[in-house]
1. Does Lys278 satisfy the condition of being in contact with an Asp or Glu (Cβ under 9 Å, 6 or more places away or on another chain) and farther than 30 Å from Ile162 by Cα?
2. For segment 147-188, give me each residue that is over 21 Å from Thr130 (Cβ atoms), in contact with a Ser or Thr (Cβ under 7 Å, 6 or more places away or on another chain) and open to solvent by less than 60 Å² (accessible area, probe 1.4 Å).
3. Need the failing condition index for Arg133 against (1) open to solvent by 40 Å² or more (accessible area, probe 1.4 Å); (2) assigned to a helix (DSSP H, G or I); (3) touching a residue at least 12 places away in the same chain (Cβ under 8 Å); (4) farther than 27 Å from Leu195 by Cα, just the number.
4. Name the pairs: first residue in segment 262-278 and open to solvent by less than 20 Å² (accessible area, probe 1.4 Å), second residue among the charged types (D, E, K, R) and in a helix (DSSP H, G or I), Cβ to Cβ under 6 Å, at least 6 apart or on different chains?
5. State whether one or more residues within segment 113-122 are open to solvent by 30 Å² or more (accessible area, probe 1.4 Å) and more than 30 Å from the chain's Cα centre (by Cα).
6. Do you know which residues across segment 194-222 are open to solvent by 20 Å² or more (accessible area, probe 1.4 Å) and part of a loop (DSSP other than H, G, I, E, B)?
7. How about segment 285-298: which of its residues are free of Cβ contacts under 8 Å to residues at least 60 places away in the same chain and open to solvent by 30 Å² or more (accessible area, probe 1.4 Å)?
8. Here are some residues: Ala280, Ala324, Ala287. Which one is out of contact with any Pro (no Cβ under 7 Å at 6 or more places or on another chain) and over 17 Å from Glu102 (Cβ atoms)?
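The values are calculated or read from the model by the stated rules, or taken from the named source; none is laboratory data. Computed from a predicted structure; not experimentally measured. So basically every Cβ, Gly included, is an ideal-geometry build from the backbone, and we count neighbours across all protein chains shown. Keep in mind that these areas ignore ligands, DNA and RNA; they rest on the heavy atoms of the full protein, side chains included. Shrake-Rupley method; radii C 1.70, N 1.55, O 1.52, S 1.80 Å.
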Amino acid sequence: MKKAASAKKAASAKSAASKATAAKATASKSAASKKAAAPKKTTKAAPVKKAPAAKKVAVAPKKATARIKGTAPAKAVVHPPGDESPTALVRRARRINRELAEVFPYAHPELDFENPFQLVVATVLSAQTTDLRVNQTTPSLFAKYPTPEDLAAANPEEVEEILRPCGFFRAKTKSVIGLSKALVEDFGGEVPGRLEDLVKLPGVGRKTAFVVLGNAFGRPGITVDTHFQRLVRRWRWTGESDPDKIEAAVGALFPKSDWTDLSHHVIWHGRRICHARKPACGACPIAPLCPAYGEGETDPEKAKKLLKYEKGGFPGQRLKPPQAYLDAGGTPAPPLGAG
């Protein structure tokens with residue numbers, strides 16, 4: 001009996017030991033499998049994290065840099081107003097100029113002149129008055145004082161009487177006599193063809209100088225008068241208000257060879273259609289390109305009644321306009337005191 005009991009105990013102990021050994025083996029196998037599985041997960045996850053970083057660095061910055069360098073050579077255009085890109089701004093601005101060139105193919109300086117001297121004097125006189133009034137006044141002035149030498153030696157009171165219709169006639173008399181003396185003393189009686197020389201003359205600023213350079217000497221320049229300033233801001237070509245900064249910003253949008261004709265197109269459009277107080281939006285040929293459309297009259301019939309000069313059936317501003325203007329149906333302005 002004792003022997004049988006001890007045999008049973010030995011068997012059960014043996015069985016327990018074998019179970020413990022099996023459990024240890026199972027535990028070590030599962031631990032080993034976990035260790036083996038862990039590296040596999042790490043190696044799979046690592047490339048996934050690196051892949052997106054490589055895509056981000058790729059090409060985008062180069063494209064953005066190329067776009068700005070290629071289309072915005074001047075600092076003023078790199079940050080155009082609104083959300084319009086520099087490229088889109090250049091394209092829209094140039095398209096507006098092309099459209100206006102079709103509407104005003106005969107656009108020209110609206111001051112009567114026969115030589116650079118007459119043009120520089122007429123441009124100085126055009127401050128704070130219309131070109132029409134200047135054109136009606138200068139025939140008497142140049143008939144009596146045809147050269148810089150004549151005007152330099154003139155009696156100021158007699159000149160004042162002639163220039164009275166132009167307004168600010170005392171200040172303008174001082175300017176035109178002063179610039180005539182400077183031409184005689186410093187430039188041999190000839191109007192200089194350089195910007196740095198022209199702006200030294202009394203009463204002559206950059207605007208006047210560019211009118212003379214572009215129209216008497218054929219040298220490109222942008223004329224930033226009140227019409228030009230108003231329109232380029234309406235069109236959001238620039239947000240600047242200083243004339244020199246406007247000149248730089250707009251000049252960067254166009255080839256230099258376009259500057260003089262661009263000035264004529266914009267100024268003509270401002271005088272005839274895109275007026276300061278009530279633009280004729282409903283009769284505007286560039287309405288689809290204008291961010292300010294709707295500031296004026298949008299009804300086509302009502303807008304037509306707002307048109308001025310030849311667009312509204314009225315005479316232009318020159319007594320002696322170019323033949324191309326007359327061929328297009330333009331009418332010369334009447335002399336002073338007519339009608």
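1. The answer is yes for Lys278.
2. Pro148, Leu151, Ala152
3. Going through (1) open to solvent by 40 Å² or more (accessible area, probe 1.4 Å); (2) assigned to a helix (DSSP H, G or I); (3) touching a residue at least 12 places away in the same chain (Cβ under 8 Å); (4) farther than 27 Å from Leu195 by Cα one by one, Arg133 breaks only (4).
4. That search, which allows pairs on different chains as well, returns Arg272/Lys311.
5. Keep residues of segment 113-122 that are open to solvent by 30 Å² or more (accessible area, probe 1.4 Å), which gives 113-116.
Adding the requirement that they be more than 30 Å from the chain's Cα centre (by Cα) leaves 114-115.
Yes; the residues of segment 113-122 include at least one that is open to solvent by 30 Å² or more (accessible area, probe 1.4 Å) and more than 30 Å from the chain's Cα centre (by Cα).
6. Answer for segment 194-222, where residues must be open to solvent by 20 Å² or more (accessible area, probe 1.4 Å) and part of a loop (DSSP other than H, G, I, E, B): Arg194, Val199, Lys200, Pro202, Gly203, Gly205, Phe217, Gly218, Arg219, Pro220.
7. Those that are free of Cβ contacts under 8 Å to residues at least 60 places away in the same chain and open to solvent by 30 Å² or more (accessible area, probe 1.4 Å): Pro288, Tyr293, Gly294, Glu297, Thr298.
8. Details: Ala324 fails: over 17 Å from Glu102 (Cβ atoms); Ala287 fails: over 17 Å from Glu102 (Cβ atoms).
Just one listed residue meets the conditions, Ala280.
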